[in-house]
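Read through the structure below, which is laid out as structure tokens, and then see the notes.
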Amino acid sequence: MVENQDIFSNGMKLPVMEEFYTLQGEGYNMGKAAYFVRIGGCDVGCSWCDSKESWNESLFPPVDVNLIIENIRRSGADTVVVTGGEPSLYPLDYFTEKLVSYGIITMVETSGAHELTGKWDWICLSPKKYSPPKGSIYNKVNELKVIIKNKSDIEWAELNSELVSSKVHLFLQPEWSNIPKIMPVLTEYIMNTPKWRMSLQSHKYMGIP
Ligand code: SF4
């Protein structure tokens, strides 16, 4: 739950959990070099969340976004991926417009649980049943990536795929802790429903962040 929203209300500071230059591990842009900015704070509450430490934004220092931008420019990255936590909790117009002005490609990974602000070249929506996306995001997304822990999550994925344009790239991603059980189910499902592609957390296999 974000308690210190006031500090972050003008978009000049963000509670940064970590920032690092690596390769995107998941989804359509898998393998692309990108500077990751992980923002703390999430009120979605997925039971299988592998970064529960991200939920409480007060654990992370408010960082001036100009400093983050400086770090990004110094890294030489041409692409930024903003992730969380849940980035849609924060006003991201200033941050992303400044990045765009420097010619940096802006990407975001969001559950869409709140109205997403910012100037984005790529929006990856990862909708969560517990706190469904705001309807306005569906016509802005480039990629839909649904995490599948159990067979029943496939219904949720299908429901969301009906709300996005036919140009959106569709991915099903097995939930990491349940891979042995869910992988055969997903593989068969995708073979029978080829509009979907498999997304794997390849960074975990590569041993990179
Ligand atoms: S939306 Fe992401 S950070 Fe938030 S609880 Fe779910 S998996 Fe964790």
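Spherically averaged projected area of the convex hull of Cα atoms, the chain: 10.9 nm².
Can you tell me, using C-alpha contacts under 8 Å and at least 6 residues apart, the relative contact order of the chain as a whole percent? That works out to 18 percent. Couplings 3J(HN,Hα) for the range 48-53, derived from phi with the Karplus relation 6.51 cos²θ - 1.76 cosθ + 1.60 (θ = phi - 60°), are 9, 3, 9, 9, 4, 5 Hz, where x marks Gly and Pro.
Computed on the Cα trace of the range 6-74, the radius of gyration divided by the Kirkwood hydrodynamic radius gives Rg/Rh = 1.00. Cβ-to-Cβ counts within 10 Å put F20, F36 in ascending order as F20, F36, the fewest first. A run of the chain free of exposed loop cleavage sites, with GluC sites (Glu not before Pro) counted only in DSSP states other than H, G, I, E and B and at most 15 other beta carbons within 10 Å, reaches its longest extent at 4-114.
Rg over Rh for the range 92-209 works out to 1.00, using Cα positions for both radii and the Kirkwood form for Rh. Residue ranges 86-94, 121-129, 163-171 sort as 86-94, 121-129, 163-171 when ordered by packing (mean number of other C-beta atoms within 10 Å per residue, highest first). Each of N10, I137, L200 was placed along the dipole of the chain (beta-carbon charges, centred on the mean Cα), and the one lying farthest toward the positive end is L200. The GNM of the chain, with springs linking C-alpha atoms under 10 angstrom apart, assigns the highest mean-square fluctuation among N71, N142, N192 to N192.
Annotation: cysteines of the chain without a disulfide-compatible partner (Cβ-Cβ under 4.7 angstrom) are C42, C124.
The dipole here belongs to the chain: it is taken about the Cα centre, uses +1 on the Cβ of Lys and Arg and -1 on the Cβ of Asp and Glu, and is about 540 debye. Applying a threshold of 18 Å to the alpha-carbon distances of K32/K129; K13/K128; K98/K167; K149/K181 flags K32/K129; K13/K128; K98/K167 as lying beyond it. Quick one: which of K145/K204; K145/K195; K140/K195 span more than 21 angstrom between C-alpha atoms? Pairs exceeding the cut-off: none.
Taking the number of Cβ atoms within 10 Å of each Cβ as an exposure proxy, the fewest-first ranking of K140, K13, K195 is K195, K140, K13.
Readers should treat all values here as calculations from the given coordinates under stated rules, not as data from a laboratory. Here the structure is a predicted model, which means the values were calculated and not measured. Methodologically, a virtual Cβ is constructed for each residue, glycine included, from the backbone with ideal geometry; neighbour enumeration extends over all protein chains shown.
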